[in-house]
Each structure stands twice: as structure tokens, then as C-alpha cells.
Amino acid sequence: MQRVNWRWGPQAMDQHVNDCARSRAHLGRKRDTNLHMTTTPSTPRRDLVERATPFLPIGSEIRQAFICQAAPNFAYFLVTYVTGLTMLWIKYRCVVVTDEAIYLLESTRLSGGAKPHSLVGTLPRHTKIGPVTGRWTQLDLLGERHWVHQRFQAQIAAADHDAGFTQ
């Protein structure tokens, strides 16, 4: 049986403090719960890339990806936020940009656009998506009005920059 030293000298106290600090080191750090926070502004979210890949041509490399919502008017979003009554009229989409084209994917409502289930349409790669300003940016994709939240503005700006457009 191992003998335990119960005397607290300066070295034992320092060792105890260091052990406690090491065991609690994770408490000061914030947990990474948002997948979109783990990427740099120019790289797409990992989950969007994984879920959108099956709808693209084989060998396509996704450069940018973002989520948008389509509705006839922005007021639909306000009514949905307050009451949820207009949720059925809002379309949730995932936009994926590759070197060859821009793909618009239909997504499930409950995922908010993060789980695509079908391909809606394709735009030529030289299409300008932006400009992006404000908290919600309005875009025209395939003849429909779409709104994109500001957290995806860097993705849109990078897509436009890669296509040769300047701000």
C-alpha cells in the first residue's frame, strides 16, 4: 500500500494548485457549438459541404456555401418570427458555389436551409451574387427574391471575388 504524505509544504501546495488549474483549464474556454464558427470567412461550413455534395456533379469542389430564404416580401419573415403563420410560404435554400457553376438547392423547413434535398437550378459561374450590405441582404437568384443573413456575407463576397468582380 502506498503511503500518503499529509503534510502540506510549499511544494505540495504548488503541485495541488497546478493540478487544480490543469483540471479546470477547459472552464475558461468557450465551447465550439456552432459549426459555422469553426471556419474562416472564406471557407464554407463543413456540414453544408457534406450535405450538398450528393447533388453536385462528381468531382466538384465546393468553394463557398451559404443559406438563404425566399419569400415574396420581407414581411413574411417578420410574421414568421412573431407567429410562425407564414412559415409554409417561405422557401429555405442552400447556395453552393463551385469552380464551374452556382447551384441552388431546396432544403427542409425545419433545418432552416442546412439540409438540402433537391436541386432547384444552376447559374453560370460568372454570375454576380452580391453586393451584400446590412443584417439581411436581398439577392435575386433564378428570378426569385432571396434574403441572406449577414453571417454569410463573407461567403458571398468571396464568391464574387473568385468570379472576378470587385466591390
Check segment 58-71 and report whether any residue there is over 17 Å from Gln155 (Cα atoms), among the polar types (S, T, N, Q) and touching a residue at least 40 places away in the same chain (Cβ under 8 Å). yes
Just to be sure before I move on: is Leu110 in a loop (DSSP other than H, G, I, E, B), touching a helix residue (DSSP H, G or I) at 6+ places or on another chain (Cβ under 7 Å) and modelled with pLDDT under 85 in the structure I sent? no
If you go through segment 144-165 one residue at a time, do you hit one that is buried (at least 16 other Cβ atoms within 10 Å of the Cβ), in contact with a Gly (Cβ under 7 Å, 6 or more places away or on another chain) and farther than 22 Å from Lys91 by Cα? yes
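Return yes when Gln69 is under 29 Å from Gln150 (Cβ atoms), modelled with pLDDT of 95 or more and in contact with a strand residue (DSSP E or B) (Cβ under 7 Å, 6 or more places away or on another chain) and no when it is not.
So Gln69 does not fit the description; no.
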When only residues in segment 128-143 that are part of a loop (DSSP other than H, G, I, E, B) and surrounded by 14 or more Cβ atoms within 10 Å (Cβ to Cβ) count, which is modelled with the highest pLDDT? Ile129
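The values are calculated or read from the model by the stated rules, or taken from the named source; none is laboratory data. Just so it is clear, the structure is predicted and the values come from calculations on it, not from any experiment. For neighbour counting, all protein chains shown are included, and Cβ atoms are generated from backbone atoms with ideal geometry for every residue, glycine included.
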